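First the structure, in the form of structure tokens, and then the observations on it.
The values are calculated or read from the model by the stated rules, or taken from the named source; none is laboratory data. Values in this document were obtained by computation on a predicted structure and should not be read as measured data. Heads up, the Cβs are rebuilt from the backbone with ideal geometry, glycines too, and the neighbour counts pull from every protein chain shown. Areas reflect the complete protein model, heavy atoms only, side chains present, ligands, DNA and RNA absent. Shrake-Rupley method; radii C 1.70, N 1.55, O 1.52, S 1.80 Å.
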Amino acid sequence: IRGKLEAELDIKFNGDLFHALFGSKPQEVSNISPEKIHIGHLREGQCGKTGSVICGHCTLGGQKCASKETVELDEENKSIRFKIIGGDFLDDYKSLSASCHVISMGEVTSVKWIFEFEKMHDDGPYPTKELDFLIAVTKDLEAHDLKA
């Protein structure tokens, strides 16, 4: 089964900064949300450039998960796509990617997360906990920015 899950939320956070954090400064995301995202490592390419490969760990549902992903950046449209190419997330999916599109609207920024997936088994899980995880990280970034 192939599918797509989407969530859009409005946050009070600078859209350019949000895009830059996920696109070229993932280590800062792990500093802001260390209980969820652990340090990632650049494996190939240059941080902040399309085609780079990063490996990292996160805690999802109380379980530590590893991932290896390629990054595709579209600076003009402020979108980022993380294509999972290895790690624990592929236990349930033949393919999995997470995309983030940032739309600045004055003091409010709209963040749209999209998961595209193909399940390994028809009765396997949908990536709802992964989507909830990225929404929680987005809210952590917003809370950190509002405190600054």
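Summary of computed values
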quantity: Total residues in the stretch 103-124, condition open to solvent by 50 Å² or more (accessible area, probe 1.4 Å), under 24 Å from ASN14 (Cα atoms) and touching a Phe, Trp or Tyr at 6+ places or on another chain (Cβ under 8 Å); calculated: 0
quantity: Residue that is surrounded by the fewest Cβ atoms within 10 Å (Cβ to Cβ), among those in the stretch 125-148 that are part of a loop (DSSP other than H, G, I, E, B) and modelled with pLDDT of 95 or more; calculated: PRO125
quantity: Segments classed as strands (runs of 3 or more DSSP E), wholly inside the stretch 27-96, with at least 3 members that are of a type in the set (D, E, K, R); calculated: 63-74
quantity: Selection within the stretch 62-97 - touching a Leu at 6+ places or on another chain (Cβ under 6 Å) and open to solvent by 70 Å² or more (accessible area, probe 1.4 Å); calculated: none
quantity: Residue check, VAL29 of a type in the set (A, V, I, L, M) and either in contact with a helix residue (DSSP H, G or I) (Cβ under 9 Å, 6 or more places away or on another chain) or under 23 Å from LEU5 (Cβ atoms) (or both); calculated: yes
quantity: The stretch 1-45, residues that are buried (at least 16 other Cβ atoms within 10 Å of the Cβ), in contact with a Phe, Trp or Tyr (Cβ under 9 Å, 6 or more places away or on another chain) and either at pLDDT below 90 or acidic (Asp, Glu) (or both); calculated: PHE22, VAL29
quantity: Residues within the stretch 96-133 that are within 16 Å of GLY61 (Cα to Cα) and free of Cβ contacts under 8 Å to residues at least 60 places away in the same chain, tallied; calculated: 2
quantity: Boolean, CYS100 is at pLDDT below 95, open to solvent by less than 30 Å² (accessible area, probe 1.4 Å) and either in a strand (DSSP E or B) or among the hydroxyl-bearing types (Ser, Thr, Tyr) (or both); calculated: no
